[in-house]
Every structure is written in structure tokens, then in C-alpha cells.
1. So which strands (runs of 3 or more DSSP E) are wholly in region 120-207 and hold at least 3 residues that are crowded, with 24+ Cβ neighbours inside 10 Å?
2. Looking at Glu94, Glu89, which one is away from ligand 2 (no atom under 16 Å from the Cβ), charged (D, E, K, R), touching a residue at least 60 places away in the same chain (Cβ under 8 Å) and touching an Asp or Glu at 6+ places or on another chain (Cβ under 6 Å)?
3. Checking the structure you have, find out if any residue of region 214-229 is within 16 Å of ligand 2 (Cβ to nearest atom) and either more than 15 Å from the chain's Cα centre (by Cα) or among the small types (Gly, Ala, Ser) (or both).
4. Restricting attention to region 376-417, which residues are within 13 Å of Ile344 (Cβ to Cβ) and acidic (Asp, Glu)?
5. Just to check your reading of the model, which residue among Ile296, Ile338, Ile344, Ile318 is aliphatic (A, V, I, L, M), within 12 Å of ligand 2 (Cβ to nearest atom), in contact with a strand residue (DSSP E or B) (Cβ under 9 Å, 6 or more places away or on another chain) and at pLDDT 95 or above?
6. Across region 108-119, which residue is surrounded by the most Cβ atoms within 10 Å (Cβ to Cβ) among those that are hydrophobic (A, V, I, L, M, F, W, C) and assigned to a strand (DSSP E or B)?
7. Cβ-Cβ below 9 Å, separation at least six or inter-chain, first residue in region 373-397 and closer than 21 Å to Lys331 by Cβ, second of a type in the set (Lys, Arg) and part of a strand (DSSP E or B): which pairs?
8. Being surrounded by fewer than 20 Cβ atoms within 10 Å (Cβ to Cβ) and within 17 Å of Asp291 (Cα to Cα) is the filter here, so list the residues in region 383-396 that pass it.
Amino acid sequence: MIRRLALVALLASPACSAQPQAQSQPANGDAAASGQAFVPPQPASASKPVPKNAPQDASIKNVPATAGKANLPATAQPFTIQKIGQFEEPFGMEFLPGGGLLVTEKAGALKLRHADGSVVTVSGVPKVEPGGQGGLLDVAIAPDFADSKYVYLTYSEPGEKGSALALARGTLATPNPARAALQNVSVLWRSGSNGPGGQFGARVAFSPDGQYLFLSSGERQRFSPAQDPEQLLGKILRLTLDGKAAPGNPMYAEGGVRAMTWSTGHRNPYGLAFAPDGRLWETEMGPRGGDELNLIEAGKNYGWPVVSNGDNYSGQPIPDHPSKPEFEAPKLWWNPSISPGGMIIYTGDLFPQYKGSAFLAALSGQALIRVELNGATARPAEQWDMGARIRDVIQAPDGAIWLLQDDGALDRLTPKG
Ligand SMILES: [Ca+2]
Ligand SMILES: [Ca+2]
């Protein structure tokens, strides 16, 4: 889903202020310069069964995390909930100009819900490999959608050696309310490292200036790729709108995977959103008791799987973040887990008291969580029990908050009273 903020292009953006550097000949041949698609790596380890536990480093002495735990007791809901739709195993959603809503269903369907509530299936969507956490995942419209009609999709793409995360783009044609089609679809980017495992991440966010596409790529339950600079797994990537390495990236001159990498050491980043001040925030599904809210900055390493404030699901400990302070610690973390899905940073008028707050969809937490952001700091503010697994959250054009439940219900939240 696009987390673009309307008309903030003039704001200075720390996350995208890096100036394109003059590059003579980037190592490895820059895909954008050559016009050829980057061929992602296929390490032999990718096809192995996913390991049970994070690799252990006995030399690290655990220093327990003491600050930043964000779990809150549930408080009374300040909103009225109206169910306005029903989908099948949805993952992401995105508004179109005019009030239509695109919704992805993991089995592979893209739905268009018109402003009047009627729903049509969009034809022309690429073949996906559904199952587990894979399938058709995020949907986002291009910053220049009004002219280009470009729609971006992320999904697990089937392959001979197993699935991999892919980013595709097509043009949306809606000749009449009963028909919608994605046309001229091309795959812009592939993660490579085809093989087993869920945790694709797969969230798309555009920089406030509309020039760059940020993509979260999960580590596929394989742990170590998140620290491997030669794999596109477990990273936040900063790409051009054509899916190439973006000039100005920290390792742009090195070409290949490194040239695309913005930040390293992520597990399963399901939330990615720019704040009005240009900062990029990310929610990450951690291991047991290790869910994170991170402030994403260029070139930083967020520590997975070396450190986590949670532990392996088997119970085997993982050193907490303070054990290795060279890694960027989460601003907030949750134990017990909440399993964060999508995230927005609210800018609407319907809930004026929430302007600038992040809203996190919580799956296992069955909650909507509000976090107050102030510059680089985050404070847990409220946690509302929704009685259902919340997959995604989006801000509607009128400022209402819409939620997608994991069981498919689409809910509209407006102020109570
Ligand atoms: Ca971390
Ligand atoms: Ca730990």
C-alpha cells in the first residue's frame, strides 16, 4: 500500500535527502545504466529447509533490554465500527483517486471496491504462489498515478527452485464499473534466493517527493540472509520507480544487491510508512516477544538475527538489543508479541487529535495500536482491543480509518458520538 503523504513533496526528507552521487562506472554494472534487469543471486543455501533457531554466538553476553517495551492494557474505543466489505484472506489495500479501493487477496486476486461498495476482480494479475504467508501481497499506486495509471504489486512468485518475492507494475484500465484490468504488466524486481519459507515482508512505500520506492523484504524464516550483504532478504530497499538501485543509496557504487540496500538486519517487516517530517518508520514481526517499531535510516543495521528483544519460538534465547549496541535498537518493542501487520501515520481531519500518530494493525494482538511520534521518538499511546486479527490499516480520503481483518472483513472507523 502506498503510504504517500499528500503534497508534502516540499518537506525536507532525511530519509531521501541523500544526493545522487556522480558515478562513473558502478561496480558490477548498474542495471539502470545498462537497461538490463538485475539478476538476483541464488545461493545454494536458499533451497535448504528453514532452520528452527537463529544461529547462536556464544561470545555475546546478554544485556537485557529495559527500555521501550510498548505493551499497554486495552482502553475503550473512541470510534464507531461499520463493516463495509468482505474479502478472502486479504493482505493489503490502497485507495485510488475518486474513492475506489484496491485490495489484494493472498490466493492471487486483486479486487477493486468502488466507492459505492460494489466489487470487481481486476484481471491481468501475475501468477502467484499462495500458501503459508505467501501469495499476492501489497498493492500501491504510483505517485503519478493520475497520469500513468501505474499500479505496483508485490507477491511470492513461483519458481523452479521455490518462490521469491517479486515486484511488478502494470497500468490499471477501468473502462466501465463492471470491468477492471491490469495491462502491460512487467516484473521490475525479484529478490532471488528462491526457496522455502514465509515472511516475505513485501510492503511498498514511496518517498514523500515521489521519486523513490521503498520495499521491505523479509528474511524468509532463514535468519542469516538478513546479515548477508549479498542477499536481498531481510533488508529495506530503496529503488527507483522502475525497480532499479536508487542513486544515493549508501552502497550504490558497489552495484548489485548492495546498491539497492537502504538498511539491513530485518526479520519480517510488514509495516512501512513515512511521517510528515520525512522520517521512515517500520514495523517488524519479530520472533517470540520481539516485535519492533523501528526508525529506518540509511545504512543502519537493525540486528536480526544476532540480537532481538524476543527469543526463538523454541525457547532458545537470542541476546537482547543492548548486548550489541552497534546495531540500531527498536524505538518500541512488544512482549508478548502483537504480530504487527500494516501501519499508517495519520494525517486526516476526522480524528484531529491523532494527527501525526502511527496506527499499527496487530494480528495476534487482535488490536489497533496508536503510537505517538515526535521527531525520532515514539511513545505507546493506546491499544484498542478489536476482537479480531487486524491485517492492515489505511487512511480514507475523508480521514476515516479503514481496517482489513485477517478473516476478510473491511471495517470503517469514525469518531464515536
Ligand atoms: Ca531489531
Ligand atoms: Ca532476547
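1. On the way: elements: 136-141, 150-157, 164-176, 179-190, 201-206.
Here the list reads 136-141, 150-157, 164-176, 201-206.
2. Numbers: Glu94 fails: touching an Asp or Glu at 6+ places or on another chain (Cβ under 6 Å).
Selected residue: Glu89, the only one of Glu94, Glu89 that is away from ligand 2 (no atom under 16 Å from the Cβ), charged (D, E, K, R), touching a residue at least 60 places away in the same chain (Cβ under 8 Å) and touching an Asp or Glu at 6+ places or on another chain (Cβ under 6 Å).
3. Within region 214-229 (the criterion being within 16 Å of ligand 2 (Cβ to nearest atom) and either more than 15 Å from the chain's Cα centre (by Cα) or among the small types (Gly, Ala, Ser) (or both)), the answer is yes, since at least one residue qualifies.
4. Residue satisfying the conditions is Asp392 alone.
5. Details: Ile296 fails: within 12 Å of ligand 2 (Cβ to nearest atom); Ile338 fails: within 12 Å of ligand 2 (Cβ to nearest atom); Ile344 fails: within 12 Å of ligand 2 (Cβ to nearest atom).
Result of the check over Ile296, Ile338, Ile344, Ile318: Ile318.
6. Looking only at region 108-119, we keep the residues that are hydrophobic (A, V, I, L, M, F, W, C), and these are 109-110, 112, 115, 119.
Applying the additional criterion that residues be assigned to a strand (DSSP E or B) yields 110, 112, 119.
Numbers: Leu110: 25, Leu112: 19, Val119: 15.
Top of the filtered list is Leu110.
7. Here the result reads Leu373/Arg379; Pro380/Lys69; Pro380/Arg370; Ala381/Arg370; Glu382/Arg370; Gln383/Arg370; Trp384/Arg370, each pair linking region 373-397 to a residue that is of a type in the set (Lys, Arg) and part of a strand (DSSP E or B).
8. Result: Arg389, single match.
The values are calculated or read from the model by the stated rules, or taken from the named source; none is laboratory data. Everything numeric here is computed off the predicted structure, so don't read it as measured data. For neighbour counting, all protein chains shown are included, and Cβ atoms are generated from backbone atoms with ideal geometry for every residue, glycine included.
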